[in-house]
Amino acid sequence: MKYVIKKEAARAHEPGSRYVEVALSVPQLKPLTYRVEAEFVGCLAPGLRVLVPLGRRKVTGYVIHPPGESPPPGVEPSSIKSVLEIIDDEPLLTPELLELTRWVAEYYCCGWGEALKFALPSHREKKTVERYRLSEAGRLEAAFEEGGLGLPGLKLSEGKGSHKARILVALRKGPRTLHSLAASFGRGTRPELMRLVDAGFVEKIVDEVGGSKQRMVKYARLRRMPEEDEFQDLEKRAKRQAEILRLLDQADDGRLRLGELEILSKGARAACAALEKKGWVEVAEDLLPDVEDLKESSPRPGAPSMDLTDEQRESFELVKTDIEQKNFSVTLLHGVTGSGKTEVYIQLAQKALENKLGALILVPEIGLTPQLLGRFQERFGNSVACLHSAYSDKKRLSEWRRIKNGDAPIVVGTRSAVFAPVYNLGMIAVDEEHDGSYKQEESPRYHARDTGIVRARNLGVPVVLGSATPSIESYTSARSGRYRLRSLSHRPTGGTLPQVRLVDLRKEAGADPKTPELLTRDLAAAIGERLERGEQTLLFLNRRGFSSVILCRDCGEALQCPYCSIPLTFHREGGGRVQCHWCDYSAHPPNRCSSCRSDRVGYFGVGTERVEQAVKARFPEARVQRLDRDTVRRAGAYESIFGAMRSGEIDILIGTQMVAKGHDFPKLTLVGVVVADVGLHLPDFRASERTFQLLTQVAGRAGRADLPGEVIIQTFRPDHFAVQCAQTHDFAGFYKREASARERMGYPPYRRLARLRFESKNKHLAAKAGEWMASYLRKHGVAAAGRAADPGGVEYLGPAPAPLVRIRGVWRYHMILKAKGSKRLGGVLKSLVAEFEGQAVFSSVRLAVDVDPISLM
Ligand code: ADP
Ligand code: ZN
Ligand code: ZN
């Protein structure tokens with residue numbers, strides 16, 4: 001049989017052709033075979049990128065095997081298309097990373113090419129955009145045209161003037177694509193534009209844009225300063241406008257982002273519009289610039305190593321041996337914040353380096369601070385590379401190259417750094433291993449910690465997981481002996497764990513769960529003491545904005561985002577608007593209830609803005625600063641707020657979970673949790689775990705150095721075990737309660753989960769797709785939970801509307817699959833995905849498969 005296939009293939013294949021398997025970055029697609037001419041075969045190694053046809057599209061693919069002489073059995077050679085272009089000169093990916101991405105695709109149920117994309121420095125396919133802009137001569141010409149058509153600076157409606165004039169004037173506001181110009185000016189735009197190019201007034205520019213992340217933003221640019229007397233006049237009559245002119249005049253290239261201006265001077269947008277009318281300022285769009293680097297200062301290598309404490313040394317020795325002997329092992333380091341875990345990673349990386357091996361340190365999104373990176377750079381100087389998701393593509397690429405060349409054997413990075421091409425990787429550390437940001441919420445929905453463990457196993461190297469509040473999953477593995485468990489029980493710098501007091505909000509006067517007392521007597525008194533002693537306070541509330549619920553007092557209806565099924569949040573800053581925290585929706589607050597037209601609309605619930613207001617009212621003399629996503633929009637704001645906190649220029653810092661992690665403020669002796677229960681009511685089996693972790697983490701901010709710390713937790717649920725265990729720093733107690741609940745309810749780590757989410761603009765279709773899936777599963781022996789389960793132990797729950805049933809106008813229904821082991825689950829998933837893709841009726845429904853989901857919302 002075999003012989004026959006070979007013979008046929010040999011006959012059919014054209015002389016000189018070779019066949020190559022290519023993984024495409026298209027969801028759910030299996031690798032496809034393409035033809036290459038023999039002369040190119042020498043250039044085609046696994047890991048190279050190629051451009052190939054797919055239907056009518058051209059897409060990037062990744063060569064996954066060396067080219068073969070015959071096409072795969074059963075494929076008609078004449079139907080095989082040819083590779084269009086070989087993109088790289090040398091493979092970007094090593095065989096090791098090819099293997100790892102294959103595992104990701106297999107385990108997380110996505111296309112191999114999709115996973116491969118994430119192993120490359122820029123996940124976003126490069127796309128070029130051609131735009132047209134004015135040349136030097138064109139700018140003069142445009143000014144002339146504008147002057148000839150009306151008063152200088154007068155806003156020209158796009159309907160006036162000759163074609164040429166209109167195009168030139170439009171381009172004064174910034175580069176435009178041909179497409180957008182034609183949309184504004186209609187027929188004849190293209191030849192006119194070409195004439196302008198020929199005449200030298202307009203030039204074509206080609207920009208690489210990186211897809212969704214690279215956004216256009218609005219800038220205000222100073223055209224000219226008014227005359228002295230005009231300016232003085234303006235200062236009298238329109239203070240804000242004068243201020244903006246001064247700010248722009250001082251700015252580097254005479255321009256500032258409108259968003260920045262708004263922060264510097266409230267109401268800047270309106271003022272800029274007025275200034276634009278007067279011809280002094282112009283507002284135009286441009287690409288958002290690169291995010292500034294985390295740390296610019298040049299690193300000083302070789303800071304001395306510390307002497308490890310006995311506890312640190314024991315963990316260190318254990319892992320060190322595995323680095324030297326190239327043994328796969330997983331060690332869970334359970335140590336309170338400040339117990340010296342980072343120091344252990346640093347010294348292990350040092351050991352790896354001494355053995356001519358590389359080291360990979362993964363940190364959560366918020367954990368990658370300049371402080372942490374600085375500690376690595378102090379020890380290792382330029383041997384450290386950093387991969388941060390907030391870096392620009394350019395910066396990421398240059399770091400990636402340094403890693404690949406072997407110039408930077410030590411890599412510190414967030415989630416996708418797990419795919420960093422570290423040369424001779426000798427160990428992996430995962431800091432704050434419980435952190436949810438290790439899980440990617442879009443395809444490929446991989447978990448960086450788990451992917452890291454698989455990578456280490458493939459390579460035969462050790463992994464260290466560190467956390468003060470290990471995940472239930474990791475701790476269970478450690479107890480069962482699959483991982484090794486080591487604890488760091490005290491802080492090498494001295495200092496004891498802070499005293500934690502609970503304040504029962506139910507007992508407070510006027511207690512209303514919707515708008516609780518923000519500063520109870522106990523908390524206010526404690527803050528007062530700190531102010532007197534010149535110490536600092538941190539107030540934590542995991543919700544930004546002013547009020548989190550806008551309710552009609554008559555019918556009780558909550559104001560919801562028109563596109564998402566969640567309540568809108570009221571923000572006083574930025575002019576008092578209601579905002580959706582899931583999409584970009586923002587609007588003026590309503591005067592009337594949309595369902596009963598009552599005008600008795602009330603603002604309830606708390607957010608950081610309201611806390612700030614209450615604190616300022618109570619302690620008018622204190623220096624108060626808020627830190628949340630709204631106050632750090634401006635580049636560098638985060639660093640400057642932390643800098644001010646360290647140097648003691650802030651008395652009270654109010655923040656969301658941004659303040660919870662990894663910062664060490666010597667004068668901070670009081671942490672107040674304003675309302676501890678914010679996350680406890682979420683319909684998610686991890687709600688207790690997250691609350692415990694967050695409370696423990698914030699509490700750890702108090703009193704790190706010589707001053708003892710105090711923590712006050714205000715809560716409506718003082719009897720909840722997550723709150724109580726956080727109070728007593730009792731991880732073991734928390735684990736016992738939580739793990740037994742998980743076991744009873746059949747949740748991870750006792751069962752494996754996969755979530756299927758059906759998404760469609762059409763609610764009915766999304767629901768129907770779920771029902772179809774349930775019947776498909778039943779037909780294939782998978783039963784609804786509680787019924788006779790299938791022999792492999794897979795069962796399903798649902799379908800049901802997801803807790804967030806509608807996001808950005810898309811309806812979401814979901815199902816949960818539960819299984820005893822991952823093998824059978826993987827098989828079921830693969831077949832159901834293939835089957836679903838084949839259902840033409842559901843072609844407009846997107847199926848998102850999430851293996852080991854973190855979020856069930
Ligand atoms: P973690 O990562 O567990 O929060 P760190 O490694 O950041 O802890 O250590 C907390 C503080 O203790 C840091 O300021 C660090 O420099 C210091 N430290 C860590 N290990 C030692 C040691 N062996 N001797 C003295 N100081 C140490
Ligand atoms: Zn109403
Ligand atoms: Zn929304």
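The values are calculated or read from the model by the stated rules, or taken from the named source; none is laboratory data. No experiment lies behind these values; they were computed from the predicted model shown. Positions of Cβ are backbone-derived with ideal geometry, glycine not excepted, and every protein chain shown enters the neighbour counts.
Do we have any residue at all in the stretch 392-404 that's surrounded by fewer than 18 Cβ atoms within 10 Å (Cβ to Cβ) and closer than 26 Å to Ser640 by Cα? The answer is yes; a qualifying residue exists. Surrounded by 15 or more Cβ atoms within 10 Å (Cβ to Cβ), charged (D, E, K, R), closer than 30 Å to Lys763 by Cα and more than 16 Å from ligand 1 (Cβ to nearest atom): which single residue out of Arg592, Arg530, Arg572, Arg577 fits that description? So the residue among Arg592, Arg530, Arg572, Arg577 that is surrounded by 15 or more Cβ atoms within 10 Å (Cβ to Cβ), charged (D, E, K, R), closer than 30 Å to Lys763 by Cα and more than 16 Å from ligand 1 (Cβ to nearest atom) is Arg577.
Residue by residue, here is whether (1) at pLDDT below 80; (2) away from ligand 2 (no atom under 16 Å from the Cβ); (3) over 22 Å from Met857 (Cα atoms) holds:
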{"site": "Cys552", "(1), (2), (3)": "no, no, yes"}
{"site": "Cys555", "(1), (2), (3)": "no, no, yes"}
{"site": "Ala558", "(1), (2), (3)": "no, no, no"}
{"site": "Thr569", "(1), (2), (3)": "no, yes, no"}
{"site": "Cys593", "(1), (2), (3)": "no, no, yes"}
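Which one is nearest to Gln241 (Cα to Cα), of the residues in the stretch 264-302 that are modelled with pLDDT under 75 and buried (at least 17 other Cβ atoms within 10 Å of the Cβ)? By that ranking, first place goes to Leu294. Restricting the first member to the stretch 454-477 and to residues that are modelled with pLDDT under 95, and the second to residues that are outside any helix (DSSP H, G or I) and hydrophobic (A, V, I, L, M, F, W, C), the beta-carbon pairs closer than 6 Å and six or more apart or on different chains are Ala468/Val336. Set side by side, the residues Leu829, Leu817 differ, and just one is closer than 30 Å to Cys583 by Cβ, in contact with a Cys (Cβ under 8 Å, 6 or more places away or on another chain) and buried (at least 20 other Cβ atoms within 10 Å of the Cβ), which is Leu829. Number of residues in the stretch 341-354 that are surrounded by 24 or more Cβ atoms within 10 Å (Cβ to Cβ) and not aliphatic (A, V, I, L, M) equals 2. If I filter the stretch 50-58 for residues that are small (Gly, Ala, Ser), within 39 Å of the chain's Cα centre (by Cα) and at pLDDT 80 or above, do I get at least one hit? For the stretch 50-58, residues small (Gly, Ala, Ser), within 39 Å of the chain's Cα centre (by Cα) and at pLDDT 80 or above: present.
Listed by position, the strands (runs of 3 or more DSSP E) enclosed by the stretch 780-857 that each have at least 2 residues that are away from ligand 1 (no atom under 16 Å from the Cβ), more than 21 Å from Asn762 (Cβ to Cβ) and modelled with pLDDT of 90 or more are 810-819, 846-851.
Selection of first residues in the stretch 259-272 that are at negative phi and of second residues that are acidic (Asp, Glu) and modelled with pLDDT of 75 or more, restricted to Cβ pairs under 7 Å at least 6 apart or on distinct chains, gives the following pairs, ordered by first then second residue: Ser265/Glu243; Ala268/Glu262; Arg269/Glu262.
Taking the listed residues Gly655, Gly605, Gly636, the one that is away from ligand 2 (no atom under 16 Å from the Cβ), under 24 Å from the mean Cα position of the chain (by Cα), at positive phi and not aliphatic (A, V, I, L, M) is Gly636, with no other qualifying.
Have a look at Ala766, Ala739 and point out the one that is among the hydrophobic types (A, V, I, L, M, F, W, C), under 15 Å from Phe685 (Cα atoms) and not in a strand (DSSP E or B). After ruling out the rest, the residue left standing is Ala739.
Restrict the check to the stretch 34-47 and report whether at least one residue is on the phi > 0 side of the Ramachandran plot, surrounded by 13 or more Cβ atoms within 10 Å (Cβ to Cβ) and in a loop (DSSP other than H, G, I, E, B). Yes: the stretch 34-47 contains one or more residues that are on the phi > 0 side of the Ramachandran plot, surrounded by 13 or more Cβ atoms within 10 Å (Cβ to Cβ) and in a loop (DSSP other than H, G, I, E, B).
Any residue at all in the stretch 520-531 that is within 16 Å of ligand 2 (Cβ to nearest atom), closer than 21 Å to Arg626 by Cα, at pLDDT 85 or above and not basic (Lys, Arg)? Scanning the stretch 520-531, I find no residue that is within 16 Å of ligand 2 (Cβ to nearest atom), closer than 21 Å to Arg626 by Cα, at pLDDT 85 or above and not basic (Lys, Arg), so the answer is no. Specify which of the listed residues (Val673, Val698, Val723, Val711) is at pLDDT below 90 and crowded, with 18+ Cβ neighbours inside 10 Å. One residue alone meets the criteria, Val698. What number of residues in the stretch 793-812 are within 22 Å of the chain's Cα centre (by Cα) and either more than 15 Å from ligand 3 (Cβ to nearest atom) or not small (Gly, Ala, Ser) (or both)? Number satisfying all stated conditions: 8.
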